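Reading through the structure tokens given below for one structure.
The values are calculated or read from the model by the stated rules, or taken from the named source; none is laboratory data. Just so it is clear, the model here is predicted, and its values are computed rather than measured. Ideal geometry is used to build each Cβ from the backbone, glycine not excepted, and the neighbour counts take in all protein chains shown. Note: accessible area is taken over every heavy atom of the protein model, side chains too, but ligands, DNA and RNA are not part of it. Shrake-Rupley method; radii C 1.70, N 1.55, O 1.52, S 1.80 Å.
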Amino acid sequence: MYNYKHETIVEADAESTFAWFEHEGSFRRLMPPWEVAEEIRADESLEVGSQRVFRFPMGPIKMTWVAEHTGYEPPHFFSDKMVKGPFWSWSHDHHLIEEDGVTKVIDEVTYQVPFGPLGNLADRVLGGRLVRRRLAQMFTARELRLQRDMAQHAKFSQVKRKRILVAGSSGMIGTQLVAFLDTGDHDVWRLVRRPVKDDAKELQWDPSVGVMDESMLEGFDAIIHLGGEGIGDKRWSKKRKKMVRDSRVDSTALLSSAISKLNQKPEVFILASAIGWYGDRGEEELDEGSDAGEGFLPSICKEWEAAAKSASESGTRTVFLRSGIVLSGTGGALGKMLLPFKIGAGGPMAGGKQWMSWISLDDEIYAIHHLLMSSESHGVYNLTAPNPSRQKSFAKTLGGVLRRPAFAPLPGFMVRILFGEMGVTLTLESQKVMPNRLMEEGYEFLHPNLEGALTDTLGSWRDLRI
């Protein structure tokens, strides 16, 4: 048997910290940001007998992990054990010790590596470092998420908790946003296209045919719309372009019209948009006051934002999120880059002089939270880090974080051959976008610089406590 211990200092009392863990969303927030994990079930409690189940890839197969809670003494202790999973045994105790309003969270894990004696032998040959390094990465990620989430919620602790409806809750951003808002004790509901699940906080709509019961929106304090077909998921044909456009414009128009007719309108309507609004702008520095560009994405973004006119004119505070490249180790643009960079085949594209305006996934979530909770925030906001990067520099930084070379060039004509118009637009066009309005409102970026953002996203810290 092996033992692992990790300590986290949280600037909050034990009761508040324990309450964070008790929310269903904490399970998703504690998942390392580079792990592709599918949550199957999470009971709404840490009490003895409750379970949390998730599935994750392990090579060519998917492994299921079932954790069952075995101890529960709020607000100072809870524990769980692995009922099914990749280890031969796994027991995890959580101790919360408070002193002068500060809580020390002590994680103690006792585990047995797979394959019995053979597993023990392999682990000894490697000095026990392989598993311990993975554990150190995982618990460092958990430490940072817990500390940062608690700090973000504390900024608005005096503001009333909200009843929030989120469309696009299953996407890369939506999944983490819903989990984060849940840990802040908000009442979060999902607006979904599929049939609703029993005992879930879900409402159904079908924007593709304009179907929605408008009355079900009554009573929500905030409605957040993040939905839409993936812009970079497939090559752009005429049919694909129409799907990308309609999934955004039509659904927004449907929600906006419904909001304008409500007796009890929400305080705020938050709508995803994109820096695609600005188009290919070379060296020009862009802010929220810059004009729209020309081309497919600018035309969609203009229609997309205009579709919220009914809600805005009805008096609902309306916020537009012009997001840049959102960095996540499990999806989006970065997720697609990782394999070639991990094998040393990454590098500058078409010379690499084009500007890339990016934002870490946690800054995306925390910025949305800021705009949600700040009653004076309205209008257009660029959700990009304050230090955009040229593509060549981005590639070099990513290679450095992964400890891989990053000098393999990809000519522009190859991008066009491989990915068509979609690839050219998303990888070769230049946009140097600044988040002026967020900074003017006092939002402090967690990751203002690219190296720190990539390091946290990919778990590539050099000073792990092994």
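Number of residues in region 412-453 that are in a helix (DSSP H, G or I) and open to solvent by 40 Å² or more (accessible area, probe 1.4 Å): the value is 14.
Scanning for something acidic (D, E) and open to solvent by 40 Å² or more (accessible area, probe 1.4 Å), does region 190-205 turn up at least one residue? Checking region 190-205: at least one residue is acidic (D, E) and open to solvent by 40 Å² or more (accessible area, probe 1.4 Å). Name the residues in region 58-77 that are in contact with a helix residue (DSSP H, G or I) (Cβ under 7 Å, 6 or more places away or on another chain) and closer than 15 Å to D107 by Cα, would you? Matches in region 58-77: P75, H76. Among the residues of region 128-161, just one is under 18 Å from the mean Cα position of the chain (by Cα) and β-branched (V, I, T), namely T140.
Just one of the listed residues (V211, V159) is under 21 Å from I270 (Cβ atoms) and surrounded by fewer than 17 Cβ atoms within 10 Å (Cβ to Cβ), namely V159. W304 fails exactly one of the following numbered conditions: (1) under 29 Å from R145 (Cα atoms); (2) open to solvent by less than 20 Å² (accessible area, probe 1.4 Å). What is the number of that condition? In the conditions (1) under 29 Å from R145 (Cα atoms); (2) open to solvent by less than 20 Å² (accessible area, probe 1.4 Å), W304 misses (1) alone.
Name every residue in region 213-232 that is among the β-branched types (V, I, T) and out of contact with any Pro (no Cβ under 7 Å at 6 or more places or on another chain), in order of residue number.
Scanning region 213-232 gives I224, I231.
Tell me yes or no: at least one residue of region 224-247 is open to solvent by less than 10 Å² (accessible area, probe 1.4 Å), at pLDDT 95 or above, of a type in the set (V, I, T) and within 28 Å of S16 (Cβ to Cβ). Yes, region 224-247 has at least one match. If you go through region 154-203 and keep only what is of a type in the set (A, V, I, L, M, F, W, C) and assigned to a strand (DSSP E or B), you end up with I164, L165, V166, A167, V188, W189, L191, V192, L203. Of the residues making up region 338-353, those that are open to solvent by less than 40 Å² (accessible area, probe 1.4 Å) and either assigned to a helix (DSSP H, G or I) or within 24 Å of K432 (Cα to Cα) (or both) number 7. Would you please list the contacts, defined by Cβ atoms under 6 Å and residues six or more apart or on different chains, that run from a residue in region 188-212 that is more than 20 Å from D250 (Cα to Cα) and free of Cβ contacts under 8 Å to residues at least 60 places away in the same chain to a residue that is in a loop (DSSP other than H, G, I, E, B) and open to solvent by less than 90 Å² (accessible area, probe 1.4 Å)? Listed by first residue and then by second, the contacts come to E202/V196.
Residues that are open to solvent by 20 Å² or more (accessible area, probe 1.4 Å), under 26 Å from E38 (Cβ atoms) and part of a strand (DSSP E or B) within region 103-118 comprise just one, Q112.
In the set (1) within 28 Å of the chain's Cα centre (by Cα); (2) of a type outside the set (G, A, S); (3) farther than 24 Å from R465 by Cβ, the condition left unmet by F56 is number (3).
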